[in-house]
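Data first, discussion second: the structure below is written as structure tokens.
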Amino acid sequence: MKIAVLGTGGGARAHIARLAELGHQVHVGTRDPQATLARTEPDMMGTEPFKDFLADQPGIEVHTFGDAAAASDGLVISGIDGHNAVRALSAIADQLAGKTLIDYAVPYVYQHETENPWPTPWGTMPKIDPCDTDSLGEQIQRALPRTKVVKAFVTQEQTTVVAPQAIGGGDHTMFVAGEDTGAKQQVTDLLKSYGWSDILDLGPLVCSRGMEMYAHMHSAIGFGLGGHFGIKVVR
Ligand SMILES: NC(=O)c1ccc[n+]([C@@H]2O[C@H](COP(=O)([O-])OP(=O)(O)OC[C@H]3O[C@@H](n4cnc5c(N)ncnc54)[C@H](OP(=O)(O)O)[C@@H]3O)[C@@H](O)[C@H]2O)c1
């Protein structure tokens with residue numbers, strides 16, 4: 001398939017590499033391809049410059065967000081930072097029309113003022129906004145009524161999303177939520193090709209709220225364990 005991955009961060013790179021390994025034609029989207037490929041410094045998370053990553057990924061094409069989405073034949077993965085995703089995706093609504101868009105972002109707001117800060121190894125824990133009464137997944141769907149939005153991946157780390165067997169032999173749970181049954185099936189098929197076997201359809205996109213709010217629990221477990229993990233729904 002021709003699959004677009006919008007984004008050049010750590011999560012996007014995990015999908016780019018795995019999709020290429022599975023034989024898909026991957027079209028990467030970034031704000032300004034020239035600027036992205038000219039970067040020589042690691043980002044704030046210490047991620048290596050994108051051109052160094054690409055050196056190990058022959059055949060991957062880098063476009064603007066809009067051109068990458070247009071090049072996909074039906075499936076687009078958004079790895080755009082959660083705080084900027086609605087604005088960036090709204091600008092390419094025409095190129096996303098009729099396609100399935102997987103949103104895995106957490107709408108984190110960094111460097112915010114807070115009465116009761118949660119100290120983390122990288123500074124104060126970002127806050128989640130929107131939260132509780134709305135979600136990023138729903139905001140994206142409202143902004144893109146011609147696109148089938150599916151929330152997925154967000155409850156796992158980038159390494160385990162694309163290689164679930166790395167944890168507990170793969171015996172853990174991945175969630176999907178969205179309004180379109182066919183789109184969720186497309187995402188489920190992709191997840192199976194990544195190696196997932198326990199994929200739980202939570203139902204409508206309003207369930208994005210819980211998936212996004214879980215981010216704080218995910219961080220808390222990660223701090224407690226000090227290593228990679230998955231979550232399993234036992235039933
Ligand atoms: N990494 C994970 O394991 C993981 C897991 C679950 C959820 N998430 C969530 O998924 C999202 C993406 O995570 P990530 O680590 O892959 O990448 P990230 O570093 O959070 O975001 C990088 C991407 O966001 C784009 N971006 C940044 N500011 C922008 C702006 N003002 N306008 C448009 N685009 C902008 C960048 O564009 P350029 O390419 O032009 O620089 C880049 O492609 C985050 O919300 C994160 O919390 C990540």
Notebook entry, point to check: Using mean Cβ contacts within 10 Å as the protection proxy, how do 177-187, 192-202 order, highest first?
Noted result: 177-187, 192-202
Note to self: Given R₀ = 35 Å, what would the calculated FRET efficiency be for ALA38 paired with VAL109, taking r from the Cβ atoms and rounding to 0.05?
What the structure shows: 0.80
Margin query: Probe of 1.4 angstrom, ligands and nucleic acids ignored: what's the accessible area per residue over the chain, in square angstrom?
Written below: 47
Next item on the list: Post the alpha-carbon centroid distance, segment 8-43 to segment 69-144, in whole angstrom.
Entry: 18
Note to self: With viscosity set to 0.692 mPa s at 37 °C, what whole-number translational diffusion coefficient in µm²/s follows for the chain from Stokes-Einstein and a Kirkwood radius over Cα pairs?
What the structure shows: 182
Checklist line | Alpha-carbon Debye profile of segment 101-233, log10 I(q)/I(0) at 0.09 Å⁻¹ | finding: -0.27
Next item on the list: Taking amide H positions as placed in the peptide plane 1.01 Å from N, state which residues far from VAL149 in sequence (5 or more) or on other chains have amide H under 5 Å from it.
Entry: LEU101, GLU179
Check: Given +1 on the Cβ of Lys and Arg, -1 on the Cβ of Asp and Glu, and no further charges, what dipole in debye does segment 2-225 carry about its Cα centre, rounded to the nearest 20?
Finding: 360
Notebook entry, point to check: Once the other residues with Cβ under 14 Å from the Cβ of MET45 are scored (Lys, Arg +1; Asp, Glu -1), what is the net sum?
Noted result: -3
Next item on the list: Quick one: pull the percent of accessible area on segment 1-140 belonging to carbon and sulfur, 1.4 Å probe, ligands and nucleic acids left out.
Entry: 49
Check: How many percent of DSSP beta bridges within segment 2-225 run antiparallel, rounded to 5?
Finding: 20
Checklist line | Set of lysines near LYS184 by C-alpha distance (under 27 Å), chain-local residues within fewer than 8 positions excluded | finding: LYS2, LYS99, LYS148, LYS151, LYS192, LYS232
Check: Protein chains only, probe 1.4 Å: how do ARG209, ARG235, ARG142 rank by accessible area, largest first?
Finding: ARG235, ARG142, ARG209
Note to self: Name the residue from ALA70, THR36, GLY10 whose Cα lies farthest towards the positive end of the charge dipole of the chain, charges +1 on Cβ of Lys and Arg and -1 on Cβ of Asp and Glu.
What the structure shows: ALA70
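The values are calculated or read from the model by the stated rules, or taken from the named source; none is laboratory data. Since the structure is predicted, the reported quantities are computational estimates derived from the model, not experimental observations. Note that we place each Cβ from the backbone using ideal geometry, even for glycine, and neighbour counts take in every protein chain shown. Note: areas computed on protein heavy atoms with side chains; ligands, DNA, RNA excluded. Shrake-Rupley method; radii C 1.70, N 1.55, O 1.52, S 1.80 Å.
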